[in-house]
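The structure under discussion appears below in the form of structure tokens.
The numbers here are math on the coordinates, done by the rules we state, and not lab data. Computed from a predicted model, the values in this text were never measured in an experiment. Here the Cβ positions follow ideal geometry from the backbone for every residue, glycine too, while neighbour counts run over all protein chains shown.
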Amino acid sequence: MQWLKLKAILLEAGGVRLEGKPVDKYLARSTAGPGAGGPGSVFFTTGKGRVRLSLRPDSPISLLHRGDGRVTLQMGSEKVEGRLEKVALHCPRQAYLTISEGCIYGCRYCQVPAQQNRVKTVEEMVSLIRSVADRIDAIAITSGVTESPGEEERITLALVQRVRPLGIPIGVSIYPTRETPARLYEARVDEVKFNLETATEALFREMCPGLDRHLIQEVLDRSVILFGRNHVFSNVIVGLGESDTEMEECMQDLAGRGVIPVLRPLQPAAAIVQYPRPSAKRLLHLFRREQEILEKAGLDPGQALTMCVSCTGCDLVPGRDV
Ligand code: SF4
């Protein structure tokens, strides 16, 4: 089966049922992003691309681990051979850290506010990054908001200052203040991701009470000036009730600003656990539209060094998934 189609089917399914040998050596547990607080996930590759698979005992798709990372995916009568990738911190080849594991905001799709509100110390995070420094290509930093966006920014800058000497590209994705892009740029961060989250303003008001969409757009614009095209990203969730046309308009708008959209398939959770996952067919359609929009805007996700566009585990990424 073609990689793109396979990945879209797996993203629609939302997870696999594990069989065979234990996968402890390959298991990732997330405190942010899709699957936060869940039973864990593994990263599957056929050599053509990567997909993150949550472990779900009720999934109709099975993943048989035969040992040493060799696996077989079984979907109905179709079998696909592949390998599990080892995780550094959160995902393969990156130290992706979450500073605050809780959040004062209450986005309706997000599990994070329900988690225990733990904030890692800078010292703790530096030692975690050092422990995997020989097997990563990037450091990525994200956070919930425990006290205020300014406080998360302060901790982020303190961490960046400590790990910058390692000479590894650094990406940051936090809820910003107006000054965040300039401060991160001065700290020599390489890339940033500020998430628009929804395709439309109306959905944003409904889904993200308390967050400021205009502020996010403003900091994205400033970020493109500072970090350059191909190094500024924004997650937009697919499946919150937007139409394809609305999603395309949102992608056009972001690409017009020089920002690469990350189309993130909804993982129904929290207050919208009853929402359906977007279908493989829809994900493939939007992928093709994104491919055209990015090409027209002269943007290339293949240039990304850090975070989700470089990882590709949770999304179909033009220029990387083929
Ligand atoms: S795509 Fe992003 S959220 Fe998904 S596993 Fe990779 S780094 Fe994590």
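Return the percentage of antiparallel bridges among DSSP beta bridges fully within the chain, rounded to the nearest 5 %.
Details: 24 of 50 bridges.
Expressed as a percentage, antiparallel bridges in the chain total about 50.
Assuming 0.36 nm per residue, please report the length gained on full extension of the stretch Glu78 to Asn117 beyond their Cα-Cα distance. Working shown, then result.
Values: separation 39, 0.36 × 39 = 14.04 nm, distance 4.25 nm.
Length gained between Glu78 and Asn117: 9.8 nm.
Over the chain, with a Gaussian network built from C-alpha contacts below 10 Å, which listed residue (Pro301, Pro57, Pro149) shows the highest mean-square fluctuation?
Pro57
Taking 0.36 nm per intervening residue step and subtracting the Cα-Cα distance, what contour gain separates Met1 from Arg164 on full extension? Numbers along the way, then the final one.
Details: separation 163, 0.36 × 163 = 58.68 nm, distance 4.18 nm.
Taking Met1 through Arg164 to full extension adds about 54.5 nm, to one decimal.
Normalised by the empirical 2.2 N^0.38 Å for globular proteins, what value does the Cα Rg of the chain take? Don't jump to the answer; show the numbers that get you there.
On the way: Rg = 18.5 Å, N = 322, 2.2 N^0.38 = 19.7 Å.
Normalised Cα radius of gyration, the chain: 0.94.
Mind giving me the FRET efficiency for Ser279 and Glu19? R0 is 25 Å, r the Cβ-Cβ distance, nearest 0.05 is fine.
Values: r = 26 Å, r/R0 = 1.03.
That pair, Ser279 with Glu19, gives E of 0.45.
For segment 3-85, what number of Lys pairs, 8 or more residues apart or on separate chains, have alpha-carbon atoms under 16 Å from each other? Don't skip to the answer; put the middle values down first.
Values: Lys5/Lys48; Lys5/Lys79; Lys7/Lys48; Lys7/Lys79.
Qualifying lysine pairs in segment 3-85: 4.
For Arg288 and Tyr185, FRET efficiency with R0 = 41 Å and r from the beta-carbon atoms, rounded to 0.05?
0.75
With a/c under 1.5 counting as rounded, go ahead and sort segment 41-132 into rounded, prolate or oblate using the C-alpha gyration tensor (a ≥ b ≥ c being the square roots of the eigenvalues; past the cut-off, prolate if a/b is larger than b/c, else oblate). Let's see the in-between values first.
Numbers: a/c = 3.24, a/b = 1.60, b/c = 2.03.
Verdict is oblate for segment 41-132.
Which residues in segment 164-204 have a backbone N closer than 18 Å to a point placed 7 Å from the Cα of Asp244 along the Cα-to-Cβ line?
199-200
Let me make sure I get this right: for segment 278-321, a, b and c are the square roots of the gyration tensor eigenvalues over alpha carbons, sorted descending. Under 1.5 in a/c it's rounded, otherwise prolate if a/b > b/c, else oblate. Which is it?
On the way: a/c = 3.13, a/b = 1.19, b/c = 2.64.
In terms of gyration-tensor shape, oblate.
Test of understanding: what is the full-extension gain from Asp221 to Asp68, defined as 0.36 nm times their sequence separation minus their Cα-Cα distance? Could you put the intermediate results ahead of the total?
Values: separation 153, 0.36 × 153 = 55.08 nm, distance 4.54 nm.
The span from Asp221 to Asp68 would gain 50.5 nm if fully extended.
Hey, rough spin-label estimate for Lys48 and Thr177, points 7 angstrom out along Cα→Cβ, what's it come to in nanometres?
4.7 nm
First measure r as the distance between the Cβ atoms of Ala270 and Arg29, then evaluate 1/(1 + (r/R0)^6) with R0 = 22 Å and state the FRET efficiency to the nearest 0.05.
Efficiency for this residue pair is about 0.75.
Grab the other residues whose beta carbon is less than 12 angstrom from that of Asn230, score K and R as +1, D and E as -1, and report the net. Please report the intermediate quantities before stating the final value.
Working: positive: Arg229; negative: Asp190, Glu191, Asp300.
Cβ neighbours under 12 Å give a net charge of -2.
What net charge do the residues around Asp137 carry, taking every other residue with its C-beta under 15 Å from that of Asp137, with Lys and Arg at +1 and Asp and Glu at -1?
Details: positive: Arg50, Lys86, Arg93, Arg135, Arg320; negative: Glu85, Asp134, Asp190, Glu191.
So the environment of Asp137 carries a net charge of +1.
If you put +1 on each Lys and Arg Cβ and -1 on each Asp and Glu Cβ, how big is the dipole of the chain around its Cα centre, in Debye rounded to 20?
Details: 41 positive and 39 negative charges, 229 e Å.
Roughly 1100 debye for the chain.
Please give the Cα centre distance for segment 282-301 versus segment 153-167, rounded to the nearest Å.
Each part's Cα centre sits 33 Å from the other's.
In percent, what relative contact order does the chain have, based on Cα pairs under 8 Å that are 6 or more apart in sequence? Working shown, then result.
Working: 679 pairs, mean separation 57.7, N = 322.
With pairs under 8 Å counted, the relative contact order is 18 percent.
From the Cα gyration tensor of segment 3-85, with a ≥ b ≥ c the square roots of its eigenvalues, which class applies: rounded if a/c is under 1.5, or else prolate if a/b is larger than b/c, or else oblate?
On the way: a/c = 1.38, a/b = 1.18, b/c = 1.17.
Rounded, because the longest to shortest axis ratio a/c is under 1.5.
In whole Hz and in residue order, list the ³J(HN,Hα) couplings for segment 257-273 that follow from phi through the Karplus curve 6.51 cos²θ - 1.76 cosθ + 1.60, θ = phi - 60°; x for Gly and Pro.
Running phi through 6.51 cos²θ - 1.76 cosθ + 1.60 with θ = phi - 60° gives 7, x, 9, 8, x, 10, 7, 9, x, 4, 9, x, 7, 6, 6, 10, 4 Hz.
With the crude spin-label approximation of a point 7 Å out along Cα→Cβ, what separation in nm comes out for Arg130 versus Val322?
Rounded to a tenth, the inter-label distance reads 4.0 nm.
What does the charge add up to near Lys120, with Lys and Arg as +1, Asp and Glu as -1, over the other residues with Cβ less than 12 Å from its Cβ? Mind dumping the intermediate values first?
Numbers: positive: Arg118; negative: Glu101, Glu123, Glu124, Glu152.
For residues surrounding Lys120, the net value is -3.
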